[in-house]
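The values are calculated or read from the model by the stated rules, or taken from the named source; none is laboratory data. For clarity, every value in this text was computed on a predicted model and none was experimentally measured. Note that we place each Cβ from the backbone using ideal geometry, even for glycine, and neighbour counts take in every protein chain shown.
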Protein chains: 2
Amino acid sequence: MAELDLPASEPFRSVGFTLSSLGYAVARGFTGALVPLEIEPRDFALLRALVASQGDSQQAIGERLGIPASRMVGFIDAHEARGLIERRQDPADRRVHALHLTDAGQELLARAFTIAVAYEQELCGDLSSPEREQLLELLQRVSLQLGLAPGLHAAQGSDEMAGE
Amino acid sequence: MAELDLPASEPFRSVGFTLSSLGYAVARGFTGALVPLEIEPRDFALLRALVASQGDSQQAIGERLGIPASRMVGFIDAHEARGLIERRQDPADRRVHALHLTDAGQELLARAFTIAVAYEQELCGDLSSPEREQLLELLQRVSLQLGLAPGLHAAQGSDEMAGE
DNA sequence: TATTGTTATACTCTATAACTATA
DNA sequence: TATAGTTATAGAGTATAACAATA
């Protein structure tokens with residue numbers, strides 16, 4: 001997209017193009033790395049969100065992750081069926097389901113973290129520590145150009161760290 | 001994913017995480033930038049592929065883009081209905097539909113390129129020219145770690161430069 | 001018998017809106 | 001009247017496999 005010498009064919013060198021395809025590949029790779037745990041990146045994001053806010057309501061968590069209320073139902077159902085998450089009645093407001101990680105959920109999350117760390121090391125295997133820092137810094141500046149909150153994430157449907 | 005001091009909450013600084021979310025945001029942004037042309041990134045990819053190989057068969061193009069034959073039918077139908085692409089009978093093998101860009105298709109592609117260039121400039125607005133080069137170089141090295149052919153792209157279904 | 005393009009079918013994922021029980 | 005969670009329904013997108021014409 002930068003040097004528009006070509007009529008319209010060869011894979012041009014552009015930041016937008018590269019980030020888009022690389023981001024997709026990274027998400028797909030991470031999805032693959034999580035397969036042994038039988039979870040996907042979206043599940044990882046959910047478990048992480050739960051650690052940050054144990055006891056919050058189903059809809060509050062959903063809002064933070066950008067997941068509509070109706071979709072949260074089945075999403076939480078699946079994790080509860082696996083014994084990773086617990087719905088607890090709020091005694092003050094019986095409409096509310098407060099979400100909590102079970103011990104099994106915390107253990108699985110820990111294992112997912114181990115995988116995430118290993119994957120990060122694999123990705124950056126060719127970079128020195130300062131190079132990695134600089135890459136992060138440059139990416140950060142592109143993020144700001146896009147108006148992205150630095151470091152925000154979600155377990156949205158449309159992929160994002162999920163390769164499906 | 002790099003510094004695993006946190007139990008599992010704050011948005012950590014990791015190349016994998018950043019690339020995944022940024023890539024998604026870039027794709028979504030590019031999708032938005034193309035809206036005035038009433039095309040999506042996958043259409044842009046198709047038109048580009050056609051320039052590179054005018055006259056190739058429908059399935060050959062599909063294979064290059066990673067699109068199964070059955071999906072190509074409706075995909076090409078839509079573009080033919082808009083007058084952007086033409087199916088021509090191959091006199092030698094009457095099963096084959098050779099695909100060609102129409103004049104309208106070439107004009108639309110040119111306009112899409114203009115948008116892509118503008119989007120690239122917007123993304124890199126905060127970067128100096130050497131910084132941009134270095135970013136591309138670092139991304140390239142991460143791509144190689146992932147075993148990605150440098151500069152390969154597709155018009156796959158599962159998003160990739162498409163925000164849906 | 002294999003291949004190009006097509007169609008039919010079924011499946012996954014998702015959003016929208018209606019519904020319930022509480023407040 | 002509003003809200004948390006649920007359910008029902010319908011829509012988009014896709015893959016799989018069967019099919020017709022041609023080789």
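Observations, loosely collected:
- Among residues that are out of contact with any strand residue (DSSP E or B) (no Cβ under 8 Å at 6 or more places or on another chain) and farther than 30 Å from B:Arg94 by Cα, B:Pro68 is not included.
- Filtered residues of region B:33-64 (kept if within 11 Å of DNA strand D (Cβ to nearest atom) and within 13 Å of chain A (Cβ to nearest Cβ)): B:Glu40, B:Arg42
- Which listed residue, of A:Ile61, A:Ile85, is β-branched (Val, Ile, Thr), buried (at least 21 other Cβ atoms within 10 Å of the Cβ), over 23 Å from B:Ser20 (Cβ atoms) and touching a strand residue (DSSP E or B) at 6+ places or on another chain (Cβ under 8 Å): A:Ile85
- With respect to the conditions (1) over 28 Å from B:Leu22 (Cα atoms); (2) away from chain B (no Cβ under 12 Å); (3) out of contact with any Ser or Thr (no Cβ under 9 Å at 6 or more places or on another chain); (4) modelled with pLDDT of 95 or more, A:Pro91 falls short on a single one, namely (4).
- For A:Ser129, the test of being under 26 Å from B:Leu135 (Cα atoms) and either at pLDDT below 95 or more than 9 Å from every other protein chain (Cβ to nearest Cβ) (or both) is passed.
- Scanning region B:78-129 for residues that are touching a helix residue (DSSP H, G or I) at 6+ places or on another chain (Cβ under 9 Å), under 19 Å from B:Ser53 (Cα atoms), among the aliphatic types (A, V, I, L, M) and part of a loop (DSSP other than H, G, I, E, B) turns up B:Leu84, B:Val96.
- Candidates A:Asp90, A:Asp77, A:Asp103, filtered to the one that is touching a residue at least 24 places away in the same chain (Cβ under 8 Å) and more than 18 Å from the chain's Cα centre (by Cα): A:Asp90
- Against the numbered list (1) within 14 Å of chain A (Cβ to nearest Cβ); (2) surrounded by fewer than 21 Cβ atoms within 10 Å (Cβ to Cβ), B:Phe30 comes up short only at (2).
- In this structure, B:Arg42 does not qualify as of a type in the set (Lys, Arg), surrounded by fewer than 20 Cβ atoms within 10 Å (Cβ to Cβ) and modelled with pLDDT of 95 or more.
- Failed criterion for A:Val51 (all others in (1) more than 15 Å from DNA strand C (Cβ to nearest atom); (2) under 21 Å from B:Tyr24 (Cβ atoms) hold): (2)
- Flag: A:Asp126 matches the condition of being charged (D, E, K, R) and away from DNA strand D (no atom under 16 Å from the Cβ).
- Index of the failed condition, B:Ile67 passing every other in (1) surrounded by fewer than 15 Cβ atoms within 10 Å (Cβ to Cβ); (2) assigned to a loop (DSSP other than H, G, I, E, B): (1)
- Yes/no for A:Leu135 being in contact with a Ser or Thr (Cβ under 9 Å, 6 or more places away or on another chain), modelled with pLDDT of 95 or more, at the interface with chain B (Cβ under 7 Å from one of its Cβ atoms) and crowded, with 17+ Cβ neighbours inside 10 Å: yes
- Residue check, B:Phe75 buried (at least 23 other Cβ atoms within 10 Å of the Cβ) and either under 20 Å from B:Arg111 (Cα atoms) or within 16 Å of DNA strand D (Cβ to nearest atom) (or both): no
- Candidate set from region A:65-81 (those that are near DNA strand C (Cβ under 9 Å from one of its atoms) and among the aliphatic types (A, V, I, L, M)); member that is nearest to A:Leu101 (Cα to Cα): A:Val73
- Identity of the residue in region A:106-131, in contact (Cβ under 8 Å) with a residue 24 or more places away in the chain and more than 15 Å from the chain's Cα centre (by Cα), that ends up farthest from B:Leu19 (Cα to Cα): A:Gln106
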